[in-house]
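The values are calculated or read from the model by the stated rules, or taken from the named source; none is laboratory data. All values derive from a computational prediction rather than experimental measurement. Methodologically, a virtual Cβ is constructed for each residue, glycine included, from the backbone with ideal geometry; neighbour enumeration extends over all protein chains shown. When the accessible area is computed, the model is the full protein with side chains, heavy atoms only, and any ligands, DNA or RNA have been set aside. Shrake-Rupley method; radii C 1.70, N 1.55, O 1.52, S 1.80 Å.
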Amino acid sequence: MDHSGHGMMMDLPPFTLGRGLAWSTDPFFLVGCVVGLALYGWGVVRLVRRGDKWPVGRIVAYVVGVLSVALTMCTGLNDYGMVMFSVHMVQHMIISMVSPIFILLGAPITLALRALPPAGRGRTGPRELLLKLLHSRYLRIITHPAFTIPLFIASLYGLYFTPLFDFLMSSKAGHIAMMVHFLAVGLVFFWPIMGVDPGPHRSGYLMRMLELFAGMPFHAFFGIALMMASAPMVETFTHPSASLGIEALSDQNMAGGIAWAFSEVPSVLVLLALLFQWYGSEQRQARREDRAADRDGDKELEAYNAYLASLNARGQ
């Protein structure tokens, strides 16, 4: 379907779940999802062939994350999201607050670092470039909570409550850019909090929980603002096609309810991931301490045996 033209006045029938999930290809996101899955699969196969293991849970999480992007952008949701505020909000919430979490749990950077071969002495290859990026000042800035939290908030208020939203929605390229932005913001926001991959910033678990909850109230307030509005707030969805059978204000209020409700979804997912990681970290620390205690005990036993041997030698 043609997504060009301000307002996206397409003659679509009333939205149903079946129509929303029907296949409707967006080439940009389809190619991106296929390439992402193919590269991840190549990395896993490379590890397995050399005798290494890669957790199945990470594979499942990454595949779910990428498929959720495809579900959002390569189905009828993308068509209806151009003309219905409520469906657009479903797209926004999935691609910015669900897809990033599962993609990050798949640890794609760690997989790349393990699968990519070193370029050799004095040479620079993909692995070396990735390591350079991970240690760059740029990445330290964009993954710092002082940057990620304001960016997360500004992506809501600075987009929907300014003319920028209508400008981006007036073209297919603008809409793609907006969705890529939502995905990127979700990745940089959640990466320092619960990402498995190494990163420039990794606070303690309690601080990460605080970082998570620092942004969520603003997200809830955004949803409430849309729910309580007495007039349409974005031009794009002000005059829906009669074939949709919807009223602009009620659809906007529903979009606000979706945004408000979705603020709970990532909170639960991330908290579960954090608690699981915290438990695993404590278990690993306990095992390290046990091994250290065993080594100390062995040294004490060896010293005692040496002492007995010296006494025996003196006696003889």
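Summary value for the range 149-279: 27 percent relative contact order, contacts being C-alpha pairs under 8 angstrom separated by 6+ residues.
The length gained by stretching the chain between residue 310 and residue 180 to full extension, at 0.36 nm per residue less their Cα-Cα distance, is 39.5 nm. To the nearest 10 degrees, how steep is helix 27-49 against the longest Cα principal axis of the chain, on a 0 to 90 scale? Approximately 20 degrees, to the nearest 10. What the range 202-275 shows is 48 Å² of accessible area per residue, with the surface traced by a 1.4 Å probe over protein heavy atoms. Taking Cα atoms, how many degrees apart are the long axis of helix 85-97 and the longest axis of the chain, rounded to 10 and kept between 0 and 90? It is inclined by approximately 10 degrees. Between residue 132 and residue 162, the contour length at 0.36 nm per residue exceeds the Cα-Cα span by 7.1 nm.
For the range 128-199, the solvent-accessible area of protein heavy atoms averages 44 Å² per residue (probe radius 1.4 Å; ligands and nucleic acids excluded).
Computed in the context of the full set of protein chains, the accessible area of the chain at 1.4 Å probe radius has 67% of its extent on carbon or sulfur. Counting only heavy atoms of the protein chains and using a 1.4 Å probe, residue 124 has close to 100 Å² of accessible surface. Modelled label positions at residue 47 and residue 11, each set 7 Å beyond Cα in the direction of Cβ, lie 5.3 nm from each other.
A compact globular protein would have a Cα radius of gyration near 2.2 N^0.38 Å; the ratio found for the range 19-137 is 1.27.
When you count the other C-beta atoms within 10 angstrom of each residue and take the mean per peptide, 46-52, 175-181 line up highest first as 175-181, 46-52.
For the chain, the relative contact order is 22 percent, taking Cα pairs closer than 8 Å that sit 6 or more residues apart in sequence and dividing their mean separation by the residue count. Were the residues from residue 302 through residue 114 laid out at 0.36 nm apart, the gain over their Cα-Cα distance would be 63.8 nm. Note on the chain: the C-alpha convex hull projects to 22.5 nm² when averaged across all orientations. Please check: in the Gaussian network model of the chain (C-alpha springs, under 10 Å), which one of 141, 59, 153 has the largest mean-square fluctuation. The residue with the greatest mean-square fluctuation here is 141. Positive-end ranking of 74, 130, 146 along the dipole of the range 47-175, with charges on Cβ about the Cα centre, is headed by 130. Can you tell me the alpha carbon radius of gyration of the range 168-255 divided by the globular rule-of-thumb value 2.2 N^0.38 Å? Normalised by 2.2 N^0.38 Å, the Cα Rg of the range 168-255 equals 1.47.
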